[in-house]
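The values are calculated or read from the model by the stated rules, or taken from the named source; none is laboratory data. From a predicted model like this one, the values you see are computed outputs, not experimental measurements. Backbone-built Cβ (ideal geometry, glycine too); neighbour counts: all protein chains shown. Accessible surface is based on the protein model in full, side chains and every heavy atom, while ligands, DNA and RNA are left aside. Shrake-Rupley method; radii C 1.70, N 1.55, O 1.52, S 1.80 Å.
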Amino acid sequence: MDERCLRRRIDSTAASQRLRRYAAARFEPAWLALWAVALTARQAQTPDAWLLGRRGLSRALLWPGALAHDTLDGEAQVRSALMLGGDAVGDACPSPEAFARWWLWERLAKPRLWPLRVQPATLQRLWLPLWLGYHEGRQTRLIVLSGVSGEALGALKPAVLAALRAGARA
């Protein structure tokens, strides 16, 4: 299977500035394995959007437009970063019913998305770039920041924590 990674747009300087706003004292680059399914209108040839998710998430990420990605081998910084959830190809792959459920909730929140349909045949695995920030206090707090937009992704925190726990057990 051809694995792809989304391009990282937030560099370490910008990530450290954003994470300091969340009181993170330490940070590191990471990549999270997700599964993507295309969303298209009935007659469309190209995807209008993508739904990104993995088993264990309560909500998927909605990615508008095309996925700007590179092949995994061509990205030098991938090898130097923490890889989360990449043990096996079938690892954390959501069922088609899970994608349908996530898409139902997205359509209910945004009624203009009703004409788009999930295309299960387009299922592919990709790597989402992240920056993980750590705030030391009574308990260590984890902040998950998107490596593409620089926004905090609280919805992905359970998946990141589960992947870190699985990596610690291995």
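For Arg165 and Thr46, what does the FRET efficiency come to when R0 = 35 Å and r is the distance between their Cβ atoms, rounded to the nearest 0.05?
Numbers: r = 38 Å, r/R0 = 1.08.
My answer for the efficiency is 0.40.
Positive contributions from Lys and Arg (+1) and negative ones from Asp and Glu (-1), summed over other residues with Cβ under 15 Å from the Cβ of Ala109, come out at +4.
With runs of 4+ DSSP H residues as the only contributors, calculate the mean residue ellipticity of the chain at 222 nm using -39,500 (n - 2.57) per run, divided by the residue total and rounded to the nearest 500. Walk me through the numbers on the way to the answer.
Working: 4 runs with 42 residues, N = 170.
The helix-only estimate for the chain comes to -7500 deg cm²/dmol at 222 nm.
Evaluating 6.51 cos²θ - 1.76 cosθ + 1.60 at θ = phi - 60° for every residue in segment 55-63, the Karplus couplings come out as 4, x, 8, 7, 8, 8, 8, 9, 10 Hz, glycine and proline recorded as x.
In terms of accessible area, using a 1.4 Å probe and ignoring ligands and nucleic acids, Glu136, Glu28 rank largest first as Glu136, Glu28. Against the set (1) 62, 30, 27; (2) 50, 34, 30; (3) 47, 42, 33, the structure's computed Cα extents along the principal axes in Å falls on (2). Of the accessible area of the chain, computed with a 1.4 Å probe over protein heavy atoms only, carbon and sulfur atoms account for 53 percent.
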